Amino acid sequence: MAGTAWRSAVSRVLGSFKNGSPQPRNFIREMQTVTLIPGDGIGPEISNAVMKIFEAANAPIEWEERNVTAIKGPGGKWMIPPDAKESMDRNKIGLKGPLKTPIAAGHPSMNLLLRKTFDLYANVRPCVSIEGYKTPYTDVNLVTIRENTEGEYSGIEHLIVDGVVQSIKLITEQASERIAEYAFEYARNNQRASVTAVHKANIMRMSDGLFLRKCREAAEKHKDVKFTEMYLDTVCLNMVQDPTQFDVLVMPNLYGDILSDLCAGLIGGLGVTPSGNIGANGVAIFESVHGTAPDIAGKDFANPTALLLSAVMMLRHMGLHSHGKKIETACFDTIRDKKVLTKDLGGNSKCSEFTEAICQKVRDMD
Amino acid sequence: MAVALKRSLAVLVKSLGGPKWWQQASRSVSISASLSRVESPPARADATFKVTMLPGDGVGPELMTAVKDVFKAGDVPVEFDEFHLSEVQNMASEDKLEELLSSMKNNKVAIKGKIHTPMEFKGELASYEMRLRRKLDLFANVVHVNSLPGYSTRHNNLDLVIIREQTEGEYSSLEHESVPGVIECLKIITRAKSRRIAKFAFDYATKKGRNKVTAVHKANIMKLGDGLFLQCCAEVAQLYPKIKYENIIIDNCCMQLVQNPYQFDVLVMPNLYGNIIDNLAAGLVGGAGVVPGESYSAEYAVFETGARHPFAQAVGRNIANPTAMLLSAANMLRHLNLEYHSHMVSDAVKRVIKQGKVRTRDLGGYCTTGDFVHAVVENLRHRPNY
């Protein structure tokens with residue numbers, strides 16, 4: 001008991017010496033603390049599943065569980081609970097389950113609050129076809145990087161006269177530059193060959209023109225990664241005919257939202273798609289993007305794949321590549337074997353059985 | 001037995017050799033010809049329709065040549081008034097636009113290619129194509145997404161109609177730089193235009209016997225803008241109790257289209273989402289070369305391809321697929337009430353695709369545009385008797 005407290009104290013002290021990117025695992029077994037937000041609905045079940053699998057894989061991760069609900073802070077502004085914020089700021093890495101936004105609750109969506117609090121400017125969604133979960137599209141292997149703070153989702157709308165509404169799409173130089181830089185860095189860190197900027201600069205000449213210009217400038221600085229630009233409609237047209245021609249896609253908010261969901265549909269839906277949000281100051285929150293599924297909550301029917309793959313993405317981000325690979329391979333092997341699958345993947349097993357099968361595979365790999 | 005056989009053979013040979021066989025054969029052909037002539041419209045000179053033609057950029061001119069060739073071979077009573085308006089080739093000016101508009105006022109019907117919009121702008125933010133659309137008030141764009149028999153894709157037997165509002169929304173060309181480095185682009189949604197497109201969609205669905213209209217939006221984020229659009233659609237839906245009305249968020253819609261597109265029938269949406277869904281759906285059935293589309297206003301009808309791309313990489317290489325333009329031309333003939341010719345052209349195109357011997361590069365074949373047009377023309381002559 002005292003041992004773990006001592007260990008977590010040491011890790012906290014060590015954590016304060018660390019800057020943005022954590023160091024890769026060396027021979028000293030360094031436990032890294034990660035904030036875990038289980039979420040609502042099926043969130044707690046799948047978070048438990050992920051924790052179990054990580055334990056079986058001996059991943060050096062310590063979980064700090066926090067709950068996120070909207071509370072009214074001083075000044076009437078909606079914010080997340082202060083202990084959750086403090087935990088995230090300290091740990092820098094977070095894993096989040098699905099959060100529900102009640103309609104007419106008076107506060108903005110939880111995802112929006114988190115985004116604003118931690119300035120999560122990039123949403124990264126790698127879409128890789130899962131062997132064993134057949135869709136009409138095979139060999140999909142692309143990453144969509146979406147600017148998450150401005151663009152069409154700025155939320156600035158006015159009623160000019162009765163019957164005429166105006167929505168403002170905001171594009172700033174700073175945000176475009178930041179996302180373009182991140183895209184090229186991601187491509188470099190993950191051995192990706194090319195980055196494609198998706199835009200509609202022929203129609204929205206000034207706004208998307210600015211975005212495109214910033215992407216071009218970032219491309220100049222990163223000459224080792226190939227850069228192409230493509231219109232949004234051409235991308236959609238080609239994506240459904242031949243998704244293998246795309247690698248990393250970077251785009252503003254609305255197009256990113258649509259394209260990332262389109263790509264998720266190509267590999268099998270939101271139940272198997274991982275997602276990560278990168279923020280300023282080295283904060284990164286990885287999440288599952290599906291809903292809370294209140295109808296199956298608590299019945300052990302949930303599929304933890306999306307959260308698990310997001311957790312694997314998190315391990316990679318932290319530099320723990322070997323653990324990430326181990327867990328990912330175990331997960332894909334289990335799905336490929338088709339013996340123990342949850343209902344949405346076409347099988348009949350329970351969540352706990354599926355989790356146990358993955359844990360077994362992970363243990364066998366050691 | 002052998003004698004009987006020899007005798008019958010002799011009779012056969014005599015009948016073949018004699019003039020009677022030719023007479024018989026030619027008589028049957030002429031009967032069929034006269035039957036068909038009764039259905040076809042009267043002689044050319046009195047009843048030629050005039051249609052404005054705008055080849056546009058990229059492969060537009062090649063596709064227009066294909067249409068003209070097929071029409072000539074099929075003896076279609078349509079004459080084209082050509083105009084060459086192009087922003088990239090510096091052939092655009094206010095006067096040309098005026099000429100084009102006056103021609104449209106006379107003819108009311110046009111067939112056009114895509115006028116490419118360059119990314120650099122010289123003063124005006126709105127491209128010529130958008131200005132043309134606004135001046136003619138072509139508010140509705142209809143794209144017919146039909147799977148081609150004989151060409152299988154990942155999703156077969158699709159039959160969707162995508163209706164897109166074309167004059168407002170995100171393409172309002174109202175942009176300004178408020179502070180250096182910060183650009184605002186305005187998206188305008190009005191009640192009048194949303195109601196108009198919703199009514200158009202439901203009227204279209206009623207006319208074509210469709211069961212369901214789905215509105216596509218993002219009202220959970222753009223609460224006022226898309227919220228207004230959704231409200232108008234819901235209001236209009238109440239006037240059409242026989243048609244089922246649903247709505248779906250744009251990102252979910254894209255996901256459903258690639259997983260299960262059969263749940264949709266008629267889709268209606270504002271401008272930008274329409275652009276995305278048009279191209280997505282075109283990709284589902286075979287690409288930009290096979291999907292026809294048209295734009296309507298209260299007075300005019302403009303026929304073009306569904307997914308509008310100039311396809312400049314294919315210029316001069318004779319590889320563009322004219323299917324979309326030919327099917328659109330067939331739709332134009334139906335609009336002009338030339339039912340017979342319309343069927344003739346569309347049947348010929350569909351037959352060529354079904355046979356699968358002559359296919360352009362985008363459908364997996366090796367033939368040129370010219371070969372394809374030639375095949376269509378051949379199939380025109382062997383039209384079945386109605």
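A short reminder: the numbers here are calculations on the coordinates, not readings from a lab. Being a predicted model, the structure only gives us computed values, none of them experimental. Reconstructed Cβ throughout: ideal geometry from the backbone, glycine too, with neighbour counts over all protein chains shown.
What to note about this one:
- Acute angle (nearest 10 degrees) that the helix B:191-207 long axis makes with the longest principal axis of chain B, alpha-carbon atoms: 20
- What the Cβ-Cβ distance of residue A:216 and residue B:72 gives, at R0 = 35 Å and to the nearest 0.05, is a FRET efficiency of 0.15.
- Couplings 3J(HN,Hα) of the stretch A:292-301, computed from phi: 7, 6, x, 6, 10, 5, x, 9, 6, 9 Hz, in residue order, whole Hz [Karplus 6.51 cos²θ - 1.76 cosθ + 1.60, θ = phi - 60°; x for Gly and Pro].
- Chain B: angle of helix B:19-39 to the longest principal axis, Cα-based, in degrees nearest 10: 30
- Where no second cysteine Cβ lies under 4.7 Å, the cysteines concerned in chain A: A:215, A:236, A:331, A:351, A:359
- Whole-Hz Karplus values for the stretch A:198-203 come out as 10, 7, 9, 6, 7, 9 Hz, taken residue by residue from phi with 6.51 cos²θ - 1.76 cosθ + 1.60 and θ = phi - 60°; glycine and proline positions read x.
- Nearest-ten-degree value, helix B:323-335 long axis tilted from longest Cα axis of chain B: 90
- Alpha-carbon centroids, the stretch B:338-365 and the stretch B:48-116: separation in whole Å: 22
- Kirkwood Rh and Cα Rg combined as Rg/Rh, the stretch A:121-260: 1.02
- Computed on the stretch B:102-195, with alpha-carbon pairs under 8 angstrom and 6+ residues apart, the relative contact order is 20 percent.
- Value of Rg/Rh across the stretch A:228-366 [Cα atoms, Kirkwood radius]: 1.00
- Environment charge of residue A:363, counting only residues whose C-beta is closer than 11 Å and scoring Lys/Arg +1, Asp/Glu -1: -2
- Using a Förster distance of 22 Å, the FRET efficiency for residue A:138-residue A:191 (Cβ separation, nearest 0.05): 0.50
- FRET efficiency estimate (nearest 0.05) - Cβ-Cβ, residue A:72 to residue A:228, R0 51 angstrom: 0.65
- In terms of distances greater than 27 angstrom between alpha carbons, the cross-link table entries A:85/B:218; B:68/B:207; A:299/A:338; A:96/A:361; B:96/B:122 yield A:85/B:218; B:68/B:207.
- Extension gain, residue B:244 back to residue B:224 (0.36 nm per residue minus Cα-Cα distance, nm): 4.8 nm
- Whole-Å distance, taken between Cα centres, linking the stretch A:301-322 and the stretch B:171-225: 38
- Hull volume in cubic angstrom per residue (convex hull over the Cα atoms of the stretch A:289-344): 87
- With Cα atoms defining each centre, the stretch B:147-169 and the stretch B:252-322 are spaced 7 Å apart in the structure.
- At 0.890 mPa s and 25 °C, Stokes D of the stretch B:177-234 from Kirkwood alpha-carbon radius, µm² per second: 186
- Across all Cα pairs in the stretch A:30-143, the calculated P(r) in 10 Å bins from zero up to the longest distance comes to 12, 33, 34, 17, 3, 0 percent per bin.
- Counting DSSP beta bridges with both ends in chain B, the antiparallel % (nearest 5): 45
- DSSP beta bridges fully contained in chain A are about 50 percent antiparallel.
- For chain B, built as a Gaussian network whose Cα springs stay under 10 Å, the top-fluctuating residue of B:312, B:201, B:140: B:312
- Hull volume in cubic angstrom per residue (convex hull over the Cα atoms of the stretch B:50-187): 165
- Likely footprinting exposure, A:334, A:305, A:196, fewest C-beta neighbours within 10 Å first: A:196, A:334, A:305
- Scalar couplings 3J(HN,Hα) for the stretch B:170-175, obtained by applying the Karplus form with A = 6.51, B = -1.76, C = 1.60 to θ = phi - 60°, are 6, 9, 7, 6, 10, 10 Hz; x denotes Gly and Pro.
- DSSP H segments from chain A that extend 30 Å or more along their own axis, Cα-based, with Kyte-Doolittle mean of -0.5 or above: none
- Share, in percent, of DSSP beta bridges within the protein assembly as shown that are antiparallel, nearest 5: 50
- Projected over all directions and averaged, the alpha-carbon convex hull of the stretch B:142-255 occupies 9.5 nm².
- Gyration tensor (alpha-carbon) shape descriptor, the stretch B:296-340, a/c threshold 1.5: oblate
- For chain B, the calculated P(r) over all alpha carbon pairs, in 10 Å bins from 0 to the bin holding the longest distance, is 5, 20, 28, 24, 12, 5, 3, 2, 1, 0, 0 percent.
- Over all other residues within a Cβ to Cβ distance under 12 Å of residue B:113, the charged ones net out to -2, with Lys and Arg as +1 and Asp and Glu as -1.
- Calculated mean residue ellipticity, 222 nm, chain A: -13500 deg cm²/dmol, from DSSP H runs (n ≥ 4) at -39500 (n - 2.57) each, averaged per residue and rounded to 500.
- Cut-off 13 Å between beta-carbons: net charge of the residues surrounding residue B:297, Lys and Arg +1, Asp and Glu -1: +3
- Net dipole in debye of the stretch A:159-306 [+1 Lys, Arg Cβ; -1 Asp, Glu Cβ; about Cα centre; nearest 20]: 380
- Normalised alpha carbon radius of gyration of the protein assembly as shown [divisor 2.2 N^0.38 Å]: 1.12
- Size-normalised alpha-carbon gyration radius of the stretch B:272-386, reference 2.2 N^0.38 Å: 1.10
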